[in-house]
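The values are calculated or read from the model by the stated rules, or taken from the named source; none is laboratory data. Predicted model, so just to flag it, every value in this text is computed and none were measured. Note that each Cβ is placed from the backbone with ideal geometry, even for glycine, and that neighbours are counted across all protein chains shown.
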């Protein structure tokens, strides 16, 4: 290694005799690596005096000490979602080797300038936005462009990383059709959340192709709204034989209300969710997978390593079949 330049991750990998990806996982403390590989990478990093890349050094020395996670929502209740917990935990693991903290802040939909106030703080080293809007993306300051990622929709200046919820929803609807369901309703997400529209468009497109009418009720990802939506669906369309929930929490609310009203699941009405949260397996909910931790890790890594990123990266979602549909 040339004496005039700092050690790189590639140098650490070469000295340790491992691949660059293995060295990266060990340094970041994420993913699998054997005990032997971990010992060799850490020894090589100590020997070379490795500090995780020049961008990260700049963040720590004078241009920021923490990663800001801005969670957009109509109320601070959005912070109670287990999705946020999983995402922040994964980001904290990525930040730890860089000596950076993580700050989580709610950004109200009706007070977009709150994002400007938060990002004016020079202690912010990088920004990750959860469930954002086009208007808020336009408020990301120039100094954080290249150090910002959106989990949801993105913009020309802010790349996005998200789940392919359109593909996951399509797999759910195809399954329902394959098992004979023809009167399929959907409890959607809130209208302001653009990334949720991919699920709605997939649902509408498949029903249109099959010559079936769409039956939509607006939801908000909560079980409480799922319960109310279940009654609304059956009031408006009593012959409904399947309900697609925008999330597992929504679906659990739907199931609770249907059963309270004497409707059998799945005999009378099949119900599906989206996310595959731990409770989904306990209640045998048919759903689609959502690798929240992998998505959050990718977002944080892109920010901290100052990596070039495509405009949009979608992680695949897989159908998870259980007894509810």
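Is it the case that region 303-312 has a residue that's farther than 20 Å from residue 185 by Cα, in contact with a strand residue (DSSP E or B) (Cβ under 6 Å, 6 or more places away or on another chain), buried (at least 18 other Cβ atoms within 10 Å of the Cβ) and touching a residue at least 12 places away in the same chain (Cβ under 8 Å)? Yes, region 303-312 has at least one match. For residue 153, are the conditions met, namely being buried (at least 16 other Cβ atoms within 10 Å of the Cβ), free of Cβ contacts under 8 Å to residues at least 60 places away in the same chain, in contact with a helix residue (DSSP H, G or I) (Cβ under 7 Å, 6 or more places away or on another chain) and over 19 Å from residue 215 (Cα atoms)? Criteria met by residue 153. Criterion first (touching a residue at least 12 places away in the same chain (Cβ under 8 Å) and part of a helix (DSSP H, G or I)) does residue 127 satisfy it? Against the criterion (touching a residue at least 12 places away in the same chain (Cβ under 8 Å) and part of a helix (DSSP H, G or I)), residue 127 does not qualify.
Which residues, taken from region 223-234, are crowded, with 18+ Cβ neighbours inside 10 Å and either more than 14 Å from residue 258 (Cβ to Cβ) or not assigned by TED's automatic domain parsing to the domain that holds residue 266 (or both)? Passing the criteria: only 225. Do the conditions hold for residue 56, that is, is it closer than 21 Å to residue 91 by Cβ and either at pLDDT below 90 or not in a helix (DSSP H, G or I) (or both)? The answer is yes for residue 56. On inspection, residue 137 does not qualify as crowded, with 18+ Cβ neighbours inside 10 Å, touching a strand residue (DSSP E or B) at 6+ places or on another chain (Cβ under 8 Å) and over 26 Å from residue 219 (Cβ atoms).
State the number of residues belonging to region 90-115 that are in contact with a strand residue (DSSP E or B) (Cβ under 8 Å, 6 or more places away or on another chain) and either closer than 13 Å to residue 297 by Cβ or outside any helix (DSSP H, G or I) (or both).
Kept after step one, since they are in contact with a strand residue (DSSP E or B) (Cβ under 8 Å, 6 or more places away or on another chain), are these residues of region 90-115: 91-92, 95, 100-109, 114-115.
Those still in the list that are either closer than 13 Å to residue 297 by Cβ or outside any helix (DSSP H, G or I) (or both) too: 91-92, 95, 100-109.
Summing the residues that are in contact with a strand residue (DSSP E or B) (Cβ under 8 Å, 6 or more places away or on another chain) and either closer than 13 Å to residue 297 by Cβ or outside any helix (DSSP H, G or I) (or both) in region 90-115 gives 13.
Within region 165-182, restricting attention to residues that are in contact (Cβ under 8 Å) with a residue 60 or more places away in the chain and in contact with a helix residue (DSSP H, G or I) (Cβ under 8 Å, 6 or more places away or on another chain), which residue is farthest from residue 199 (Cα to Cα)? In this case the residue turns out to be 173.
This table checks each residue for (1) over 17 Å from the mean Cα position of the chain (by Cα); (2) surrounded by 14 or more Cβ atoms within 10 Å (Cβ to Cβ); (3) closer than 19 Å to residue 173 by Cβ.
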site	(1), (2), (3)
212	yes, yes, yes
217	yes, yes, yes
267	yes, no, no
290	no, yes, yes
301	no, yes, no
314	no, yes, yes
